[in-house]
1. If you stretched the chain out fully between Arg294 and Leu61, how much longer would it get, using 0.36 nm times the residue separation minus the C-alpha to C-alpha distance?
2. Can you divide the C-alpha Rg of the stretch 205-282 by 2.2 N^0.38 Å and report the result to two decimal places?
3. Tally Lys and Arg at +1 and Asp and Glu at -1 over the other residues with C-beta under 15 Å from the C-beta of Arg289: what net charge comes out?
4. Could you tell me whether the stretch 272-338 comes out rounded, prolate or oblate from its Cα gyration tensor? Rule is a ≥ b ≥ c as square roots of the eigenvalues, rounded for a/c under 1.5, then prolate if a/b exceeds b/c, otherwise oblate.
5. Which order do peptides 137-148, 180-191, 324-335, 72-83 fall in by mean Cβ count within 10 Å, highest first?
6. Where a ≥ b ≥ c are the square roots of the eigenvalues of the C-alpha gyration tensor, would you call the stretch 176-325 rounded, which needs a/c under 1.5, or, failing that, prolate if a/b is larger than b/c, or oblate?
7. Using per-residue counts of other Cβ atoms within 10 Å, averaged over each peptide, order 306-312, 160-166 from highest down.
8. Can you give the extra length, in nm with one decimal, that the chain gains between Gln171 and Asp137 once fully stretched, where that is 0.36 nm per residue apart less the Cα-Cα distance?
Amino acid sequence: MEKKSIISLFWSLFSIVLPGISLIASLNSLFGYDAINEDFPTVSSSLSTRAGIGGEPLPNLDDFFIRRKVDFNNHSEGYYTDDQLKSDWKGGKLYLPNTTQVQTVDGKKVLASFFPKGTWGRGGGLNQWSDFRDTPDDITEIYWTYRIKYQNDFDWALGAKLPGVGFGSVQTVASGGVGPGIGDKGASLRLMQEAGGKLRMYVYHHSMGDTYGDDMGQGRFGQLKKGVWQELSVRVVANEIGKANGIMQVWLDGMLVASAQNIEMRTATSPQRINSLALHTFMGGADERFAPDRDQFMWMDDVYFWQYSKKYLAANPNAPRGLQLHSASQKLYTPISE
C-alpha cells in the first residue's frame, strides 16, 4: 500500500513538472536563449560581431590597432605643457606663444585651442608636428577620429587648419606653400575649417599645380556647428607608385561627406610611409583675413589615430582595405562608435 502511494505521488508530481519543462524548451527554441537566464543572449562573445542598438556593431578595441589615443582625462587643468604634449603624442615641443589649455567642458577634461582676437598662425591654437617613430611598421593606410566643439559665438573667419598626417619625417613633410609640386618631400593631408563652418581637404601632393594645399576637386563640404560636439573621421590610403590613385575620405557625424581617389602621395624617390602627425588647429592662412574678431575657443577630445586589426579584417571581408573606397552606404565603424 505504501509503495503504491509513493508511485502515485511520483506520477502526480511528474505530470505537474513536465509542462514546465516543455515550456522552457519552447521558449529556448523560439527566442534563442535560456528562459531561466534571459539576460544572457547566446551569441558570440566578440563585440565586433554582436549587434548593438539598431543592429549596429558595438565598439571593441580588439577590432582596432590604435596608433595614438589621447583623451586628456589625466591632465591637470591649465595651460597644455611640453610634458603633457610629449606624453600624449610620444614627442614634439610646443611652439610659443602657447595658448592651448586643458579645460573641463561638459564634465570631461578636453584640449582647448584658444584663438586671441586679431591673431592668426602661431598666435593661437596648435601648430605642432609629431611622428610614429615608436613603430617600425610601414604605415600606408590610416584613419583618425576625434570629437570637436566650437564655442557658441565662434567666428569662422576665413578658416583654420585641422589635424592630419604626413609621409616621411617631420623635417621633410610638404607644407607652408611649397607647391606647385613638392619634389622629393613627403605629402601631407589635412582638413581645413573654412568660412561659414564648411570643411575642405588641404593636401600637398606630387602632382599639385597650386602653391598651397589642394582640395582634390572636392570643394567645400559638410557643416560644422557651434555649441555642440561633432565627430570627424578621415581615412588616407597611399597610392601605387606611378599612379595618382591614393585615397582620402572624410566623415562628419558618421556621414561620408567627401571622397577622393586621385592623390599622388608618393613617388619612387619620395617618402613611402605615413610617419608624421600634424597636430594643427591654428587659424590660417597667413594674413589678417584668417584672424577672429573675438577671443574664442575650440575644444577637442577622444583623439584616435587607428587602423582595423588583422583579426577584424579577416572576420569582416566586406570592410574596405587598401585601395578600396569605403562606400557611403556602409556605416563607418570607429573606436568611438556609439
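What follows draws every value from the coordinates through simple rules; no lab data is involved. Just so it is clear, the structure is predicted and the values come from calculations on it, not from any experiment. Because the Cβ atoms are built from the backbone with ideal geometry, glycine has one as well, and the counts that use them run over all protein chains shown.
1. 79.9 nm
2. That ratio works out to 1.24.
3. Net of charged neighbours comes to -3.
4. Prolate is the answer for the stretch 272-338, as a/c is 1.5 or above and a/b outweighs b/c.
5. 180-191, 137-148, 324-335, 72-83
6. Since a/c reaches 1.5 but b/c is at least a/b, the shape of the stretch 176-325 is classed as oblate.
7. The packing order, highest mean first, is 160-166, 306-312.
8. Extending this stretch completely gives an extra 10.3 nm.
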